[in-house]
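A.B. asks: Have a look at this one.
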Amino acid sequence: MFTEEQIITFKVQRFDPERDQGPYLKEYHVPYTQGLTVLDGLYYIKEKLDGSLAFRASCRMAVCGSCGMFINGKPHLACHTQITELESTVLEIRPLPNYSVIKDLVCDFTPLFAKHKAIKPYIIRREAGEIDNPTREFLQSPAELESYLQFSYCMKCGLCLAACPTAATDRNFLGPQALGQAYRYCADSRDDGLAERVKEIDHAHGVWRCHLAGACSEACPKGVDPALGIQLLKRQVVLRAVGLGKGRKLAAVVPPPSGQAKPRVEAPPFTVPRAKAEIAAGDSRS
Amino acid sequence: MAEGRKRENYLGIKGWVRAGRYGLERYLYFLQRLTGFGLIIYLLIHLYETSFRLRGEVTWEGVMGLFDQPVFAVLEYVVMAAFIFHALNGLRLVIEELGFALGKPRRPVYPYETSLQRQRPFMWAIGVLIIVFLVVSLYDFLV
């Protein structure tokens, strides 16, 4: 199906709010090369065919989360999507739904970031001093790490909100991204912030708006599984409400092993201190 | 420059209905909402219909005569089917929304396995149960 002479048709949604009445699809033809991603195709268009095309991208390796787009009816990272995996020579590329479009494929993530901020995405402890000016370190077992690690891979690409049917009609819904992150912190054994976060998540536009369509987990390019996080968060909220939270043990703070002297590590040969030391010692190799 | 001119791109109800190439759960989500809405409408009609009982025997018999037509028997089965689906799928959702049957969080190793895939055996079991109930109630309506 895909050979080097193959021409891939990119139907890209164009929309300039200053000039256009509404969005329209524009067709571009990009020659297929082995390993061509959707983002490569868009760069080809921008460089060779139409410099006015606007899209957002940065790292090209599914780390930054900038190039989320609606590709052939599903949200994908353009850099993480091979043309071959779409199994079609005609691509329809639109901006992510459930956001506002700024231009062409660029959408406004302000609501996403505001919701993320609303759930207090940081470790909350009753004794704040230890967080601001740490003197000791928290003990956490590998099993405790596993309980939230998966959710900490979120890079705020916003694909989950584009996939979510609830976010399609309720723009105040916190959404899988924010709620997944709320669970990431609530599940952290160092964190004691559920009581504080409950105010932000336990309402009609919070966890209870999720009805487990599961599209967020399917769309997530990092395997974060926000749907699982939201359901586990619901369980935490319910257990807390009925007073059955089994008194989760908070990670203990222990002094760092500073009793022993710091092991002396010799500076590598190319560093300034060692060079100086060698000159001082009368090393005349040079 | 027109500051802040943006075009809203929310999918609206279309986003519920058109589940595209997503998994079955997204379709169940829509069916759950649809059947829930249908059952509320049915409840209102049912209350209105039974209120005719207050207007005496003759009116009541007249209304009941109207509902004796076969089309209402079919509609009654549709209500029953909606009820069966809504109740059993709702049971699945209650169990899963409390964090059961979804498995534990794990390191995301490509190809990612989501909690949705882990709950599928349970979902299919509920699906079989729904079909059994549908068939039994259909038999009940026909006989």
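The values are calculated or read from the model by the stated rules, or taken from the named source; none is laboratory data. This one's a predicted model, so the numbers in the text were calculated from it and none came from an experiment. Using ideal geometry, Cβ is built from the backbone for each residue, glycine included, and neighbour counts are taken over all protein chains shown. Heads up: the accessible areas ignore ligands, DNA and RNA and are worked out on the full protein's heavy atoms, side chains in. Shrake-Rupley method; radii C 1.70, N 1.55, O 1.52, S 1.80 Å.
A.B. asks: Provide, for q = 0.12, 0.19 Å⁻¹, the log10 of I(q)/I(0) from a solvent-free Debye sum over equal Cα point scatterers in chain B.
C.D. replies: -0.73, -1.21
A.B. asks: Further, regarding this structure: Extending each Cα 7 Å along its Cβ direction at B:Arg118 and B:Leu98, get the distance between those two points in nm, one decimal.
C.D. replies: About 1.8 nm, to one decimal.
A.B. asks: Taking the Cα centre of each part, how many Å lie between the range A:77-133 and the range A:152-210?
C.D. replies: One Cα centre to the other: 13 Å.
A.B. asks: Could you pull out the trypsin sites (Lys or Arg not before Pro) across the range B:8-40 that fall in loop regions by DSSP (anything but H, G, I, E, B) with no more than 15 other Cβ atoms inside 10 Å?
C.D. replies: Here the sparse-neighbourhood loop sites are B:Arg18, B:Arg21.
A.B. asks: Once you have the Kirkwood Rh of the range A:66-171 from its Cα pairs, apply Stokes-Einstein at 20 °C and 1.002 mPa s and quote D in µm²/s.
C.D. replies: It diffuses with D of about 127 µm²/s by this estimate.
A.B. asks: Round to the nearest 10 and give me the degree value, 0 to 90, for the angle of helix B:120-142's Cα axis relative to the longest principal axis of chain B.
C.D. replies: Taking the Cα atoms of chain B, the angle to B:120-142 is about 10 degrees.
A.B. asks: Let me ask something else. Out of all Cα-Cα pairs in the range B:50-118, roughly what percent, to the nearest whole number, are more than 15 Å apart?
C.D. replies: Percent of Cα pairs beyond 15 Å in the range B:50-118: 72.
A.B. asks: What is the calculated FRET efficiency for A:Gln6 to A:Val63, with r their C-beta to C-beta distance and R₀ = 25 Å, to the nearest 0.05?
C.D. replies: Given R0 = 25 Å and the Cβ-Cβ separation, E is 0.30.
A.B. asks: On to the next question. For B:Arg55 and B:Leu138 in one chain, what is 0.36 nm times their gap in residues minus the Cα-Cα distance, to one decimal in nm?
C.D. replies: 26.6 nm
A.B. asks: To continue, here is another question. Taking the range A:27-114, which GluC sites (Glu not before Pro) meet the DSSP loop condition and have no more than 16 other C-beta atoms within 10 Å?
C.D. replies: Those that pass, being in a loop and sparsely packed, are A:Glu87.
A.B. asks: Counting only protein chains, not ligands or nucleic acids, how are B:Leu116, B:Leu34 ordered by accessible area (probe 1.4 Å), most first?
C.D. replies: My answer, sorted largest first, is B:Leu34, B:Leu116.
A.B. asks: Expressed as cubic angstrom per residue, what is the convex hull volume of the alpha carbon set of the range A:7-108?
C.D. replies: Taking only Cα atoms, the range A:7-108 has a hull volume of 96 Å³ per residue.
A.B. asks: Just to be sure I understand the model, the point goes 7 Å from the Cα along the line to the Cβ. What's the resulting A:Glu18 to B:Leu44 distance in nm?
C.D. replies: Going from the A:Glu18 label point to the B:Leu44 one covers 4.8 nm.
A.B. asks: I want to verify a result. In a Gaussian network model of chain A, Cα cutoff 10 Å, which of these has the top mean-square fluctuation: A:Phe151, A:Phe109, A:Phe270?
C.D. replies: Evaluated over chain A, the most mobile residue of the options is A:Phe270.
A.B. asks: Another one. Checking the cross-link filter: which lysines have an alpha carbon closer than 20 Å to that of B:Lys14, excluding same-chain neighbours under 8 positions apart?
C.D. replies: Straight-line reach from B:Lys14, under 20 Å: A:Lys74.
A.B. asks: If you don't mind, there's one more thing I want to ask. Give the Cα extents of chain A along the principal axes, in whole Å, largest first.
C.D. replies: So the three principal-axis extents are 75, 68, 39 Å.
A.B. asks: A further question on this structure: Restricting to Cα pairs below 8 Å that are 6+ residues apart, what does the relative contact order work out to for the range A:110-241? Please round to a whole percent.
C.D. replies: Value for the range A:110-241: 32 percent.
A.B. asks: Report the far tail of the P(r) of the range A:110-241, meaning the percent of Cα-Cα pairs longer than 21 Å.
C.D. replies: 38
A.B. asks: Given the options A:Leu96, A:Leu49, A:Leu233, state which has the largest fluctuation in a GNM of chain A using a 10 Å cut-off (strictly under) for Cα springs.
C.D. replies: Of A:Leu96, A:Leu49, A:Leu233, the Gaussian network model singles out A:Leu49 as fluctuating most.
A.B. asks: Kyte-Doolittle mean at least -1.0 and Cα extent at least 18 Å along the axis: which DSSP H helices of chain A qualify?
C.D. replies: A:226-241
A.B. asks: Output the 0 to 90 degree angle, nearest 10, between the alpha-carbon long axis of helix B:24-50 and the longest principal axis computed from the alpha carbons of chain B.
C.D. replies: Long axis of B:24-50 versus the principal axis of chain B: about 20 degrees.
A.B. asks: Return the tail of the calculated pair distribution for the range A:103-153, meaning the percent of Cα-Cα pairs more than 12 Å apart.
C.D. replies: For the range A:103-153, the share of Cα pairs beyond 12 Å comes to 78 percent.
A.B. asks: Taking Cβ-Cβ under 4.7 Å as the only way to count a partner, pick out the unpartnered cysteines of chain A.
C.D. replies: A:Cys67, A:Cys79, A:Cys107, A:Cys154, A:Cys157, A:Cys164, A:Cys186, A:Cys210, A:Cys220
A.B. asks: For chain B, take the longest principal axis of its alpha carbons; what is the angle in degrees between that and the long axis of helix B:57-66, to the nearest 10 within 0 to 90?
C.D. replies: With rounding to tens, the tilt is 50 degrees.
A.B. asks: Leaving ligands, DNA and RNA out of it, rank A:Trp208, B:Trp60 by accessible area with a 1.4 Å probe, largest first.
C.D. replies: A:Trp208, B:Trp60
A.B. asks: From largest accessible area down, sort A:Arg126, A:Arg184, A:Arg209, A:Arg264; use a 1.4 Å probe on the protein chains.
C.D. replies: A:Arg264, A:Arg126, A:Arg209, A:Arg184
A.B. asks: To continue, here is another question. Go ahead and set up a Gaussian network model of chain A, Cα springs under 10 Å, then flag whichever of A:Ala267, A:Ala178, A:Ala62 fluctuates most.
C.D. replies: Its mean-square fluctuation being the largest, the pick is A:Ala267.
A.B. asks: Once the piece of chain linking A:Arg264 and A:Lys276 is laid out straight, how much longer is it, given 0.36 nm per residue of separation minus the C-alpha distance between them?
C.D. replies: That pair, A:Arg264 and A:Lys276, stretches by 2.5 nm at full extension.
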